[in-house]
């Protein structure tokens with residue numbers, strides 16, 4: 001039976017073009033980021049002014065930046081920073097949102113307090129809240145993670161709470177209560193496992209949003225400080241030489257677009273793969289999960 005179920009899941013996986021395409025693109029990007037030091041012989045921090053703003057060539061595949069640094073190398077190392085920040089933010093906000101959402105659904109006092117805090121944070125545009133937090137905390141990779149985790153946790157908490165409220169009213173939960181099961185057992189043994197599917201889908205969207213938010217913060221000078229390579233930093237530097245070095249705008253922009261596109265495709269595909277009942281419901285389901 002388990003072998004048949006694995007075979008069915010595998011067939012459903014490969015019959016979902018969005019899931020396959022998103023996973024394939026993201027795996028390639030993640031592999032390039034992980035293997036970056038072995039794919040180039042250039043130092044991402046070493047400046048060579050005589051080579052500044054060189055167009056793409058056999059020596060510098062994607063050209064050089066305003067300080068003569070190899071752009072391909074900077075993008076590879078920047079991928080490590082941007083993807084790492086996005087992954088950590090998605091993991092932390094998912095964990096915190098899971099705890100807040102589940103416990104808020106079970107305890108009315110916590111629900112009133114935590115959900116009102118979440119509503120207040122959601123009411124503020126995410127990028128403005130992130131900029132304000134970065135202004136208070138200071139520019140660093142750690143502070144970017146903290147700021148974006150605070151920005152994205154309320155949305156995940158609301159999604160988890162919505163799912164937990166439905167699960168809590170199921171008949172088998174009432175049966176567990178009748179048998180004397182404690183709230184802690186019900187939460188950790190039954191509620192949390194059944195909220196993981198929508199949580200996983202939401203986490204992929206948060207991953208994508210965290211990458212583009214980190215790039216936006218770095219572009220505005222409030223994110224990863226120079227000379228640490230990140231896609232946002234590279235774009236920030238490119239605005240001064242946009243008419244002289246088009247490659248400094250195009251290639252990091254393409255990297256951001258591909259990463260965000262792959263994660264959104266992955267999230268859409270996971271939604272259909274984990275719950276076939278919503279297949280064909282289109283963006284309505286995604287909108288419900290993302291903004292519930």
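The values are calculated or read from the model by the stated rules, or taken from the named source; none is laboratory data. In this text, all values refer to a predicted model and were calculated from it rather than measured experimentally. All Cβ positions, glycine included, derive from the backbone under ideal geometry; neighbour counts span all protein chains shown.
Which pairs turn up if I take residues in the range 237-266 that are more than 12 Å from residue 53 (Cβ to Cβ) and look for partners that are modelled with pLDDT under 90 and exposed (fewer than 14 other Cβ atoms within 10 Å of the Cβ) with beta carbon separation below 6 Å, at least 6 apart in sequence or on another chain?
What qualifies is 249/242.
Given the criteria crowded, with 18+ Cβ neighbours inside 10 Å, assigned to a helix (DSSP H, G or I), over 18 Å from the mean Cα position of the chain (by Cα) and in contact (Cβ under 8 Å) with a residue 12 or more places away in the chain, does residue 195 qualify? Can you show your working first?
Details: crowded, with 18+ Cβ neighbours inside 10 Å: yes; assigned to a helix (DSSP H, G or I): yes; over 18 Å from the mean Cα position of the chain (by Cα): yes; in contact (Cβ under 8 Å) with a residue 12 or more places away in the chain: yes.
So residue 195 passes the test.
Of 19, 62, which residue is in contact (Cβ under 8 Å) with a residue 12 or more places away in the chain and closer than 14 Å to residue 251 by Cβ? Let's see the steps before the verdict.
Working: 19 fails: closer than 14 Å to residue 251 by Cβ.
On inspection, the qualifying residue turns out to be 62.
Taking the range 211-229 only, how many residues are closer than 20 Å to residue 30 by Cα and outside any loop (DSSP other than H, G, I, E, B)? Working first, answer last.
If we filter the range 211-229 for residues that are closer than 20 Å to residue 30 by Cα, which is where we start, we get 211-215, 224, 228-229.
This time we only want the ones that are outside any loop (DSSP other than H, G, I, E, B), so: 211-215.
Number of matching residues: 5.
Can you tell me which residue among 13, 26 is under 26 Å from residue 259 (Cβ atoms), surrounded by 12 or more Cβ atoms within 10 Å (Cβ to Cβ) and at pLDDT 90 or above? Spell out how you get there, then give the answer.
Working: 13 fails: at pLDDT 90 or above.
On inspection, the qualifying residue turns out to be 26.
Could you say which residue among 196, 274, 240, 266 is touching a helix residue (DSSP H, G or I) at 6+ places or on another chain (Cβ under 6 Å) and either over 30 Å from residue 106 (Cβ atoms) or at pLDDT 85 or above (or both)?
Numbers: 196 fails: touching a helix residue (DSSP H, G or I) at 6+ places or on another chain (Cβ under 6 Å); 274 fails: either over 30 Å from residue 106 (Cβ atoms) or at pLDDT 85 or above (or both); 240 fails: touching a helix residue (DSSP H, G or I) at 6+ places or on another chain (Cβ under 6 Å).
Criteria check complete, one pass: 266.
Among what's in the range 85-134 and is under 24 Å from residue 223 (Cα atoms) and without any contact (Cβ under 8 Å) to a residue 12 or more places away in the chain, pick the residue that is nearest to the chain's Cα centre (by Cα). It would help to see each step written out before you state the result.
Kept after step one, since they are under 24 Å from residue 223 (Cα atoms), are these residues of the range 85-134: 85-97, 118, 120-134.
Narrowing the set further to residues that are without any contact (Cβ under 8 Å) to a residue 12 or more places away in the chain leaves 95, 120, 123-125, 128, 132.
On the way: 95: 13, 120: 22, 123: 20, 124: 19, 125: 17, 128: 18, 132: 20 Å.
Residue satisfying both the conditions and the ranking: 95.
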